[in-house]
Amino acid sequence: MKLLAFSSILFLIGGFCWEKTQNIIAKPIVNDPKNIILIIGDGTGLAQISAGFYNNNLSFSLESFPVIGFQKTYSANNLITDSAAAATAIASGIKTNNSVLGLNKEGKPVGTILEEARDSGFATGMVVTSSIQHATPGGFVAHRVARNLYEGITEDILNSGIDLFIGGGKQYFDRQELDDRNLIDSLKYKGYNVYDYFNNDINSITPDPNKKFAFFTADNQPLSAFQGRDYLPKATEMAAKFLHQRSELGFFLMVESSQIDWACHANQVQPLYDELQDFNKTIENVLQFAKKNGETLVIVTADHETGGLGLNPGSSKMLAPKFTTNGHTATMVPVFAFGPKSELFRGIYENTTLYNKMRTAFGFSEN
Ligand code: MG
Ligand code: ZN
């Protein structure tokens, strides 16, 4: 009996090795990431990153990324995209009209990378410095004709099944619906531990991985970094560790440094520098997690450039940043990739291609 068991183990090992060898002959060993952390700096073009570099003793966390590409950001109906069409392009791989979330040009809902990860058993999360209903996070979970349909977007978040979200916008959940529902209660009913900045210090919370996690950082929009907001680096690190515990298969985490865009719309240099410091620290923390974890692909990019920023000469030791518009511009934006499958992100491509590359990295089948 013992001998029989032993020989069948040998047979199993032998069979396994043979299969492995066959695979190696067929194609090189592929090292797929289990996790993807996508960091979007809203409005963060090359000039913004350069400004962050000059303002940070001539160094920036993005310098340690081995792979760099560029993406073309135009939308279906405008050479200059807005954040809704850009988020839809990145999340779903289609160009749609400005202001539209998660619908194609014909108005039909399109699936997102976050939803596909969820449906494949991965843990999912978003951490942002805007309201959670804002255009960029909205593009990953909402399907609405206009980005300002905040109540509808809130419903979509509630029904998204996302494991974790951290951001502003509490007011859209904390209200009585026509049918008398309070959506904070609905969140709890759906298995979330719900926290907010009024009652909790985000730095002192360790989320329970057996429950979903929601943290509201503001009633509407969180403070700017210039005004003292500083949660993004820590919250992002916490989110990655939490999602890592939530699923054996892996996770998808979207992180948005939302207010780089707002500083550039306002043409304000110091608030921009402060947002870039926060962005830099967030990327540092993510890299630290990814290096330790070894199975995490990190992608850092923007949805578009904002402000037409130029780093003009001031003095020999001082730049004089100048904005050419208070809107968005059409310049290509960089893509930085680190970790397994990062090589996919080399080159110049459409923003929609990011979706296909992320699917390939996750090993999702052709669709
Ligand atoms: Mg945004
Ligand atoms: Zn903007």
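The values are calculated or read from the model by the stated rules, or taken from the named source; none is laboratory data. Given the structure is predicted, the values throughout are model-derived calculations rather than measurements. Every residue, glycine among them, receives a Cβ derived from its backbone with ideal geometry; neighbour counts consider all protein chains shown. These area figures cover heavy atoms from the full protein model, side chains too; ligands, DNA and RNA do not enter into them. Shrake-Rupley method; radii C 1.70, N 1.55, O 1.52, S 1.80 Å.
A few comments on the model shown:
- Radius 13 Å from Cβ of GLY52, net charge of other residues (Lys, Arg +1; Asp, Glu -1): -4
- Portion, in percent, of the accessible area of the range 28-362 that falls on carbon or sulfur, probe 1.4 Å: 50 percent
- In percent, rounded to a whole number, the relative contact order of the range 288-367 is 30, using alpha-carbon pairs under 8 Å and six or more apart.
- Calculated over the range 90-192, the projected area of the Cα convex hull averaged across directions stands at 6.6 nm².
- Efficiency of FRET from Cβ geometry, THR325 and SER120, R₀ 41 Å, rounded to 0.05: 0.50
- What the Cα atoms of the chain give is an Rg and a Dmax of 21.7, 85 Å.
- Other residues with beta-carbon under 12 Å from the beta-carbon of LYS234 carry, at +1 per Lys or Arg and -1 per Asp or Glu, a net charge of -2.
- With all protein chains kept in place, the per residue accessible area of the chain amounts to 45 square angstrom at a probe of 1.4 angstrom.
- Tilt relative to the chain, helix 353-362 - C-alpha long axis, 0 to 90 degrees, to 10: 30 degrees
- Acute angle (nearest 10 degrees) that the helix 2-26 long axis makes with the longest principal axis of the chain, alpha-carbon atoms: 50 degrees
- The range 221-325: Lys pairs at Cα distance under 19 angstrom, eight or more positions apart or on different chains: 8
- The length gained by stretching the chain between ASN78 and LYS234 to full extension, at 0.36 nm per residue less their Cα-Cα distance, is 52.5 nm.
- Across the range 244-275, the residues whose backbone nitrogen lies under 11 Å from the label position 7 Å along the beta-carbon direction of ASN56 are 274-275.
- Simple Cβ-charge dipole of the range 170-251, Lys/Arg +1 and Asp/Glu -1, about Cα centre, in debye nearest 20: 220 debye
- When the Cα positions of LEU276, GLY310, HIS328 are compared along the charge dipole of the range 28-362, GLY310 comes out farthest toward the positive end, with charges on each C-beta of Lys, Arg, Asp and Glu.
- Only lysine pairs 8 or more places apart or on separate chains count here, and in the range 108-211 those with Cα atoms under 20 Å apart total 5.
- Stretching the chain fully between THR206 and PHE364 yields a gain of 53.7 nm (0.36 nm per residue, less the alpha carbon separation).
- Rel. contact order, % - alpha carbon contacts under 8 angstrom, at least six apart, the chain: 29 percent
- 15 Å Cα-Cα reach of LYS95 towards aspartates and glutamates, excluding residues that sit fewer than 8 places from it in its own chain: ASP82, GLU106, ASP303, GLU350
- Only Lys, Arg, Asp and Glu carry charge here, each on its Cβ (+1 for the first two, -1 for the last two); on that basis the chain has a dipole of about 920 debye about its Cα centre.
- Counting Lys and Arg as +1 and Asp and Glu as -1 over every other residue whose Cβ lies under 9 Å from the Cβ of SER75, the net charge comes to 0.
- For the range 100-117, the Karplus equation 6.51 cos²θ - 1.76 cosθ + 1.60, evaluated at θ = phi - 60°, returns couplings of 8, 10, x, 10, 7, 4, 8, x, 8, x, 10, x, 10, 4, 5, 5, 5, 4 Hz by residue, with Gly and Pro reported as x.
- Angle of helix 269-293 to the longest C-alpha principal axis of the chain, folded into 0 to 90 degrees and rounded to 10: 10°.
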